[in-house]
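The values are calculated or read from the model by the stated rules, or taken from the named source; none is laboratory data. Just so it is clear, the model here is predicted, and its values are computed rather than measured. Reconstructed Cβ throughout: ideal geometry from the backbone, glycine too, with neighbour counts over all protein chains shown.
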Amino acid sequence: MGVDAIEVVLFDLGGVLIELNGVAPMRELAGIESDDELWRRWLGCRWVRSFERGECSADEFAAGVVDDWHLTVEPEAFLETFAAWPLAPFPGAEVLVRTVRRTVPTGCLSNTNASHWDDNFARWPILDAFDFRFLSFELGLLKPDRDVFDRVAQLLPAPPERVLFLDDNQLNVDGALNAGFAAVRVRGIVETEQALVAAGVLHG
């Protein structure tokens, strides 16, 4: 894939550019063995989907998840823990995004919610490095659903096949591929750089 093939790079945030600390504790709390299984259940949960589409309050989300997942914590305690899931951008993340931006426009496409956005993401300068910002709670649409990728395709200045989407969740990558995007699963900065080099966006 040559450098001329990719006209926009879209990054997921959590797990790609932003470090998350909630996956392992949530697996333990829910009694789930693998990260992939946790994400399958998480992305299919009606309360997660509602909250990250901006359709319910944080309190409703917490009470719903605790009830549906039969968690042994009170909703208030779960919500406090959930609020701390995003830690900070990975070292080098902002530099990487700005480097890519010298070659092609960049954007983020993230499942997130108003609480995480206001308390964490919006405060980090890396978010100023994007030309495009697609957030589930603002769009009312959620990865890996087809409609979110179709909507993003309408809003970008390049056809899907010329948009490289980088996400740490295979379900989301598969959703992007099914919608015609170029998409690669990556976790952390090293794998993200490797994918960008392989796509011809960066030089190795």
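At positive phi and not aromatic (Phe, Trp, Tyr): is that true of residue 204 in this structure?
Working: at positive phi: no; not aromatic (Phe, Trp, Tyr): yes.
When the stated conditions are applied, residue 204 does not pass them.
Which one is surrounded by the fewest Cβ atoms within 10 Å (Cβ to Cβ), of the residues in segment 12-54 that are assigned to a loop (DSSP other than H, G, I, E, B) and of a type in the set (Val, Ile, Thr)?
Taking segment 12-54 and keeping what is assigned to a loop (DSSP other than H, G, I, E, B), we get 12-13, 15-17, 21-22, 31-34, 45, 53-54.
From what's left, of a type in the set (Val, Ile, Thr): 16, 32.
Values: 16: 25, 32: 18.
My answer is 32.
Residue by residue through segment 134-185, note down the ones that are farther than 25 Å from residue 55 by Cβ and among the polar types (S, T, N, Q).
Within segment 134-185, 170 is the sole residue that qualifies.
Among residues belonging to segment 1-11 that are surrounded by fewer than 17 Cβ atoms within 10 Å (Cβ to Cβ) and among the hydrophobic types (A, V, I, L, M, F, W, C), point out the one that is modelled with the highest pLDDT.
Looking at the filtered set, the residue picked out is 5.
Restricting to strands (runs of 3 or more DSSP E) lying wholly in segment 93-204: which have 1 or more residues that are at pLDDT below 95 and either more than 16 Å from the chain's Cα centre (by Cα) or not assigned by TED's automatic domain parsing to the domain that holds residue 40 (or both)?
Numbers: elements: 106-110, 132-135, 163-167, 182-185.
Fully inside segment 93-204 and qualifying: nothing.
Write out, first by first residue and then by second, each pair whose Cβ atoms fall under 7 Å of each other, whose residues are 6+ apart or on separate chains, and whose first residue, in segment 171-184, is without any contact (Cβ under 8 Å) to a residue 60 or more places away in the chain and buried (at least 17 other Cβ atoms within 10 Å of the Cβ) while the second is part of a helix (DSSP H, G or I) and of a type in the set (A, V, I, L, M).
Partner pairs satisfying both residue conditions: 179/153; 183/173; 183/176; 183/177; 184/173; 184/195.
Being on the phi < 0 side of the Ramachandran plot and surrounded by 14 or more Cβ atoms within 10 Å (Cβ to Cβ) is the filter here; which residues of segment 189-201 pass it?
Of the residues in segment 189-201, the ones on the phi < 0 side of the Ramachandran plot are 189-199, 201.
Once the filter is applied, which keeps residues that are on the phi < 0 side of the Ramachandran plot and surrounded by 14 or more Cβ atoms within 10 Å (Cβ to Cβ), segment 189-201 yields 189, 191, 192, 193, 194, 195, 196, 199, 201.
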